[in-house]
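Inspection log for the structure reproduced underneath, given as C-alpha cells.
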Amino acid sequence: MGYKVAVIGATGNVGREMLNILAEREFPADEVFAIASRKSMGVEVSYGDKRLKCRDLEQFDFRGVDFALMSAGSAVSKEWSPKIGAQGCVVIDNSSCWRYDPDVPLIVPEVNADAVVGFTKKNIVANPNCSTAQLVVVLKPLHDQAKIKRVVVATYQSVSGAGKEAMDELWSQTKGKYVPGQEYAPKKFPKEIAFNCIPHVDVFMEDGYTREEWKMVAETKKILDPRIKLTATCVRVPVFVGHSEAVNVEFEKPITAEEARQILREAPGCLVIDKHEPGGYITPMEAAGEDATYISRIREDGTVENGLAMWIVSDNLRKGAALNAVQIAEVLINRKLLRKAA
Ligand SMILES: NC(=O)c1ccc[n+]([C@@H]2O[C@H](COP(=O)([O-])OP(=O)(O)OC[C@H]3O[C@@H](n4cnc5c(N)ncnc54)[C@H](OP(=O)(O)O)[C@@H]3O)[C@@H](O)[C@H]2O)c1
C-alpha cells in the first residue's frame, strides 16, 4: 500500500517542483493532494500526466495523510505545521520557521540523514535554506577528509528563490527595458533586478549581515558541524533558476585540488565539471532542472594554509527545496520510521 501525500503551496515555485519530483521519482504515493490558499481553490496543477485541482488549506482534513510537504512560507507553517503534525501526518517544511528549533531535525539526506529520527518530537522535519543545502552537500565529503576550519562564501542567487512574483518582476523589468511604456518599478526587490545585482537577500540584522547570511552560518553548524566558522555575502542576480556560490575553504589538514576533485567525483549528490578551458565549468542555466550539485573551478588557495577555492551551482528549486524534501520523505520510508497514518 502506498502513501497519502499533501503538497501545501502547490501553486508556488517550490510546490510545483515538488509535484514534478514526486512523479519523476515514482514516489510510492496512492494519493497526492494539491493544497494552496483559498484564492487558488479549483486551480489545476500538474502531477505527472495528471491534473490536480487545488484545495483550500483551511478546509482540508489531514487525518489519514502520511506526509505534508509544506512550502507556503513561515507564517503559514508556524500556524499549520503543529496542527497537521498533531494529526499524525509528518510535515516536511521548506520555510525557515522550524529550522533552528532543537526539537526539529534539519536534514540534507546526503549529509545528516541519521538525525532525522528526532522528527517524532513534533512530527516536523525542516528543510534548509536553498543556499545552505547545495553548500553542505559539497562540504561534507571534504570535511570528512580534511576537517574544515573556515568557509568564506559569496552567493549569486536566482530570483526564483524569492517566489513566483519575483520571477515575474525580473521578466517584466527585462521587457520594460526594451518596450517603451512598459517600465516596471521594483516591488518585490528593493532595487531593479534586471541587468543588475543586489547585495541584499532577506532582512538586515543588527550586526549588518542579512538574515540570509546568518541562515547559512546557523544551518551549516546545525547540519554539518558547530565548530565550522563561516562568513557569507548573499547577492541576488538576474537569473531565473539556479543558485551559484564562490567558496573558499580552509582545512585543518592538507588537501590538494586533485584530491578534492576525486573525493567529490564519488560523493553522493555531487557532479564535478572542471576542465581548465573556456566552457569547462557549469553555469546556473545548465544546472536548472537537474538534481545534482555541480562543482567547478576547484583550485588551491595559496593565501591560507590548506586552502581550496571552488564554484558550486545547483537548481535552488530542486536540491535547494523540493528534491531535498522528497528525499527526506524517502529516508523516513526506507528506514521504516514512519507510523502509517490510519
Ligand atoms: N524558492 C526557493 O528556492 C526556496 C528554497 C527553499 C525554501 N523556500 C521556501 O519555500 C516556501 C515557498 O517558496 P516559493 O518560492 O514556492 O513561494 P511562492 O512561489 O510565492 O509560492 C507560495 C505558495 O504558498 C501558498 N500560500 C501562501 N499563503 C497561503 C495560505 N495562507 N494558505 C495556503 N497556502 C498559501 C501559495 O498559494 P496561493 O497561490 O494560493 O497564494 C503558493 O502556492 C517559502 O517559505 C520559501 O522561503 C523556497
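The values are calculated or read from the model by the stated rules, or taken from the named source; none is laboratory data. Keep in mind the model is a prediction, meaning the values are calculated, not measured. Backbone-built Cβ (ideal geometry, glycine too); neighbour counts: all protein chains shown. Surface areas here come from the heavy atoms of the whole protein model, side chains and all, with no ligands, DNA or RNA. Shrake-Rupley method; radii C 1.70, N 1.55, O 1.52, S 1.80 Å.
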* **Of all DSSP beta bridges in the chain, antiparallel share, percent nearest 5** => 45 percent
* Structure fact -> Label model pair residue 257, residue 235: point-to-point distance (7 angstrom along the Cα→beta-carbon line) in nm is 2.1 nm
* How many nm separate the modelled label positions at residue 246 and residue 31, each set 7 Å beyond the Cα in the direction of the Cβ? -> 5.2 nm
* Under 20 Å from a label point 7 Å along Cα→Cβ of residue 336: give me every residue in the range 84-120 with its amide N that close. => 90, 113-120
* Asked: If you take the square roots of the eigenvalues of the alpha-carbon gyration tensor of the range 186-331 and sort them as a ≥ b ≥ c, do you get rounded (a/c under 1.5), prolate (a/b over b/c) or oblate?
  -> rounded
* Would you mind pulling out the separation of the Cα centroids of the range 39-60 and the range 254-317, in Å? => 39 Å
* Quick one, can you get me the convex hull of the C-alpha atoms of the chain expressed as volume per residue in Å³? => 150 Å³
* At 24 Å minimum axial length over the Cα atoms and a Kyte-Doolittle cut of -1.0, report the qualifying DSSP H helices in the chain, or say none. => 130-146
* Straight-distance crosslink candidates among lysines, where the alpha carbon sits under 18 Å from residue 188 and sequence neighbours closer than 8 are dropped -> 164, 175, 177
* Structure fact -> Here, GluC sites (Glu not before Pro) of the range 206-274 satisfying both criteria (DSSP loop; at most 15 other Cβ within 10 Å) are 206, 252
* To do: Sum -39500 (n - 2.57) across every DSSP H segment of at least 4 residues in the chain, then divide by the residue count to get the 222 nm mean residue ellipticity, nearest 500.
  => -9000 deg cm²/dmol
* Structure fact -> Taking a label point 7 Å from the Cα of residue 59 along Cα-to-Cβ, the residues of the range 1-38 whose backbone nitrogen sits under 15 Å from it are 34-38
* To do: Would you calculate the separation in nanometres between label points at residue 303 and residue 87, each defined as 7 Å from the Cα along the Cα-to-beta-carbon direction?
  => 5.3 nm
* Order of exposure, largest accessible area first, which applies to 214, 171 with probe 1.4 Å -> 171, 214
* **Rel. contact order, % - alpha carbon contacts under 8 angstrom, at least six apart, the chain** => 18 percent
